[in-house]
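Quick note: the coordinates plus some simple rules give every number you see, no bench work behind them. Here the structure is a predicted model, which is why all the values come from computation and not from measurement. Virtual Cβ from ideal backbone geometry, glycine too; neighbours counted across all protein chains shown.
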Amino acid sequence: MERRGVVGGAKREKAWVRWPALLWLCLYNLLWYLLWPWVERFIGMRRRVVCGAGYVAARLGKCLPFANLPPEAGVWIHALSVGEALSAIPMVGLLRPICNNLRCPLIFSVATESAYTLLRGKDLPVDALFVLPLDTPWIMRSYVLALKPRLFVLVEGDLWPNLLYHLRAHGTPCVLVNARMSSRAHRCYTLLARLGWNLFAPFDAVFPASLELESLYAPLVPTDRRMCVGNMKWDAVREKLSPWTARVALWDELGLSPSVPTWVAGSVHRGEEDMVLEAHRSLVRELPEALLILAPRRVHEDSHLFEEKIRRAGMTVSRRSSKDGPTPGGVYLLDTYGELMNFYGLAGAAFVGGSLIPFGGHNVLEPAVYGIPVCWGPYIANFRDLADMLVSSGRCRQISGCSDLALFLRTHLRQRKSPRMTTDDPLIPQDSPTERVVAFLNGFIRQGRACGR
């Protein structure tokens with residue numbers, strides 16, 4: 001794939017404005033106009049229960065949070081939620097000096113409150129961080145006209161037709177990095193493309209996260225706009241890796257001995273907690289001191305429900321947010337954001353949630369990078385390529401349900417060795433996929449048409 005800045009952009013725009021695509025876009029926008037009063041009311045009422053009014057206003061497009069940006073056209077990065085945002089952090093660090101040299105702003109948007117809260121606490125080196133509103137034609141037009149970006153970078157997915165349409169109408173090159181899609185999404189995108197609406201047509205370049213995923217993009221993205229350089233999550237995992245000294249400090253803070261058989265159930269969704277708790281109950285019968293660190297995927301929504309279920313099961317529970325110490329044989333509820341990676345470093349084994357229900361799983365690399373045994377359920381479509389690679393290592397596998405999870409834990413926690421001081425692992429690639437992506441983006445940034453704001 002050659003670097004093209006805005007070269008070839010005319011072809012992208014022509015492909016995007018063909019009449020079948022415009023017809024589908026008009027039908028899509030008609031739904032927005034018809035349903036908007038109900039959408040606005042529903043989001044305003046439901047979201048206030050779990051988040052602040054500021055987030056509601058941002059999602060409804062009632063504020064432009066970047067009025068103080070420099071006038072130069074900048075680089076806009078968008079990530080859907082926490083996982084995608086964390087994957088993009090190493091890329092942000094590499095793009096920052098490039099943008100400084102060109103004196104152009106670097107801005108970052110997310111779609112969820114959890115991602116926004118997490119990134120605000122990380123002091124991300126960007127000129128603006130904001131919540132992207134809903135994909136209505138009038139809101140997206142106002143945002144693109146206000147930002148006038150010279151480059152738009154989408155991380156992993158979250159395709160919004162109006163956003164992409166107005167970016168292309170503005171002449172902004174669009175790049176999809178670490179691209180992922182499930183088999184179900186692939187079927188939907190392929191059907192839309194056959195009906196004349198290829199949602200990937202606006203992209204000047206697409207970087208699939210693996211060779212397996214590249215085959216899914218083949219019918220949708222031409223070869224000259226598609227290139228696989230590896231999964232950027234490796235770099236994100238390396239950056240989040242907790243060093244040995246930090247793990248020792250965390251053990252001391254918790255008053256926990258490294259010899260306590262500990263396992264982590266990370267990113268657990270509602271509907272999985274009963275199976276996880278039953279597996280822990282079975283484990284405690286053989287290892288009375290075994291400790292479960294349970295991390296809900298949706299902290300605000302599910303923490304109280306999980307706590308209630310733990311107490312109902314007759315287990316001792318303590319919460320991270322209350323600064324309580326864990327009790328061996330009990331459950332430690334990790335009800336805070338951004339700490340799961342650190343707690344994986346304390347574990348002798350781990351289970352990755354979102355995989356015992358039809359969700360698609362979460363990042364299996366995060367616990368695996370510590371060299372511990374990792375398992376997941378049968379619904380791992382979002383990370384199937386990474387899961388298959390870890391299975392080949394011999395220490396990780398897929399489990400079928402509660403009893404299989406309990407067997408996995410008994411097998412590995414009884415055999416647990418001393419915690420590893422180093423995390424060198426032959427599975428981790430030595431080169432940096434993010435560096436290769438940023439080298440390509442640098443060409444777009446320097447060649448792209450700088451549009452005055």
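Observations on the structure shown:
- Label-point separation, Arg96 to Leu22 (7 Å along Cα→Cβ), nm: 4.4 nm
- If you plug the beta carbon distance of Trp36 and Leu407 into 1/(1 + (r/R0)^6) with R0 = 56 Å, you get a FRET efficiency near 0.65.
- Here the peptides 324-331, 357-364 are ranked by packing, the mean other Cβ count within 10 Å, and the order with the highest first is 357-364, 324-331.
- Listing Met232, Met181 from fewest to most neighbouring C-beta atoms within 10 Å gives Met181, Met232.
- If you take the Cα centroid of the stretch 164-199 and the Cα centroid of the stretch 296-339, the two points sit 39 Å apart.
- Length added when fully stretched, Arg446-Asp431, from 0.36 nm per residue minus Cα-Cα: 3.0 nm
- Under the criterion of Cα pairs below 8 Å and six or more residues apart, the relative contact order for the chain equals 17 percent.
- Ascending count of other beta-carbon atoms within 10 Å, so fewest first, for Arg96, Arg103: Arg103, Arg96
- A simple rule links phi to the HN-Hα coupling: the Karplus curve 6.51 cos²θ - 1.76 cosθ + 1.60 with θ = phi - 60°, which for the stretch 281-289 gives 4, 5, 5, 5, 4, 9, 10, x, 8 Hz, with x for Gly and Pro.
- Note on Thr190 and Leu64: the model spin-label points, each 7 Å out from Cα along the C-beta direction, lie 4.3 nm apart.
- Relative to the longest principal axis of the Cα atoms of the chain, helix 402-414 runs at roughly 70 degrees.
- Under the Karplus curve 6.51 cos²θ - 1.76 cosθ + 1.60, θ = phi - 60°, whole-Hz ³J(HN,Hα) for the stretch 359-373, x wherever Gly or Pro sits: 10, x, x, 9, 5, 6, 6, 4, x, 5, 5, 7, x, 9, x
- Highest-first packing order for the peptide set 234-245, 266-277, 250-261 is 266-277, 234-245, 250-261, based on the mean count of other beta carbon atoms within 10 Å.
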